[in-house]
1. Quick one: count up the residues across the range 75-85 that are without any contact (Cβ under 8 Å) to a residue 40 or more places away in the chain and in a helix (DSSP H, G or I).
2. Could we say that Leu69 is in contact with a helix residue (DSSP H, G or I) (Cβ under 6 Å, 6 or more places away or on another chain) and under 18 Å from Lys125 (Cβ atoms) here?
3. May I ask you to say which residue of Ala88, Ala114, Ala97 is surrounded by 14 or more Cβ atoms within 10 Å (Cβ to Cβ), in contact (Cβ under 8 Å) with a residue 24 or more places away in the chain and assigned to a strand (DSSP E or B)?
4. Could you say whether any residue in the range 131-154 is without any contact (Cβ under 8 Å) to a residue 40 or more places away in the chain, among the charged types (D, E, K, R), surrounded by 14 or more Cβ atoms within 10 Å (Cβ to Cβ) and within 21 Å of Met43 (Cβ to Cβ)?
5. Residues that are closer than 20 Å to Arg157 by Cβ: which strands (runs of 3 or more DSSP E) entirely in the range 28-74 hold 1 or more of them?
6. Please determine whether any residue of the range 155-164 is acidic (Asp, Glu), under 20 Å from Asn65 (Cα atoms) and surrounded by fewer than 18 Cβ atoms within 10 Å (Cβ to Cβ).
7. For Ala59, indicate whether it is more than 15 Å from the chain's Cα centre (by Cα), more than 30 Å from Leu161 (Cα to Cα), surrounded by 16 or more Cβ atoms within 10 Å (Cβ to Cβ) and at pLDDT 95 or above.
Amino acid sequence: MKTTKQLISIGLLYGAILLPQFSNAQKLIQKSVDVTITGTSPMHDWEMTGSTATFSGTAAGNVINNVTLTVPVKSLKAEKGKTMEKKAYDALKADKAPNVTFTATSIKVGKSNAAGKLTIAGTSKNVSFPVSIVKKGSSYTIEGTETIKLSEFGMERPGFLGIKTGDVVTVKVNVTAE
């Protein structure tokens, strides 16, 4: 009987401590997402941008949990035009893998590293890269930049007439979420 009372007391204590933490969690949805991918080639540097990505997570205290960023490949647009876009979509295997995704269990507010799973062209890798998360009221601004080797994700470097882009690209992400 004493053990049952102790278990009930411990359960109530944990409930009293943990329940407010769960009720303070804030589900985040993006207000804006900007993605910029830059790369090089022997002829010229290039850039693709997109703002049709989706972001979600749950903020609790100084952590954002269950982070998901999804970028539809064909929403990325090239400053060099449709030919560049088609070559990039082919390299990203857009018909078989229409989205680039990043998922993380949690990311700390402030300057930290985001560790999670990045999926590009149907290939997933565990990655870690620097991010900055600034909280202002109920709004969060998340910025991250990382260099990625296309070959590590099984991608062929796009090219034209035998001239191929560099293997390394820089990806910048800027998310505002509430």
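1. Just the residues of the range 75-85 that are without any contact (Cβ under 8 Å) to a residue 40 or more places away in the chain, to begin with: 75, 77-82, 85.
Next cut, in a helix (DSSP H, G or I) only: 75, 82, 85.
Summing the residues that are without any contact (Cβ under 8 Å) to a residue 40 or more places away in the chain and in a helix (DSSP H, G or I) in the range 75-85 gives 3.
2. Working: in contact with a helix residue (DSSP H, G or I) (Cβ under 6 Å, 6 or more places away or on another chain): no; under 18 Å from Lys125 (Cβ atoms): yes.
Answer is no for this residue.
3. Numbers: Ala88 fails: assigned to a strand (DSSP E or B); Ala97 fails: assigned to a strand (DSSP E or B).
The unique qualifying residue is Ala114.
4. No, there is no match, as no residue in the range 131-154 is without any contact (Cβ under 8 Å) to a residue 40 or more places away in the chain, among the charged types (D, E, K, R), surrounded by 14 or more Cβ atoms within 10 Å (Cβ to Cβ) and within 21 Å of Met43 (Cβ to Cβ).
5. Result: 46-50, 63-72.
6. Taking the range 155-164 and keeping what is acidic (Asp, Glu), we get 156.
Still in the list and also under 20 Å from Asn65 (Cα atoms): none.
No - not one qualifying residue is present in the range 155-164.
7. Numbers: more than 15 Å from the chain's Cα centre (by Cα): yes; more than 30 Å from Leu161 (Cα to Cα): yes; surrounded by 16 or more Cβ atoms within 10 Å (Cβ to Cβ): yes; at pLDDT 95 or above: yes.
Judged against the criteria, Ala59 is a match.
The values are calculated or read from the model by the stated rules, or taken from the named source; none is laboratory data. What you see is a predicted model; the values in this text were computed from it and never measured. For neighbour counting, all protein chains shown are included, and Cβ atoms are generated from backbone atoms with ideal geometry for every residue, glycine included.
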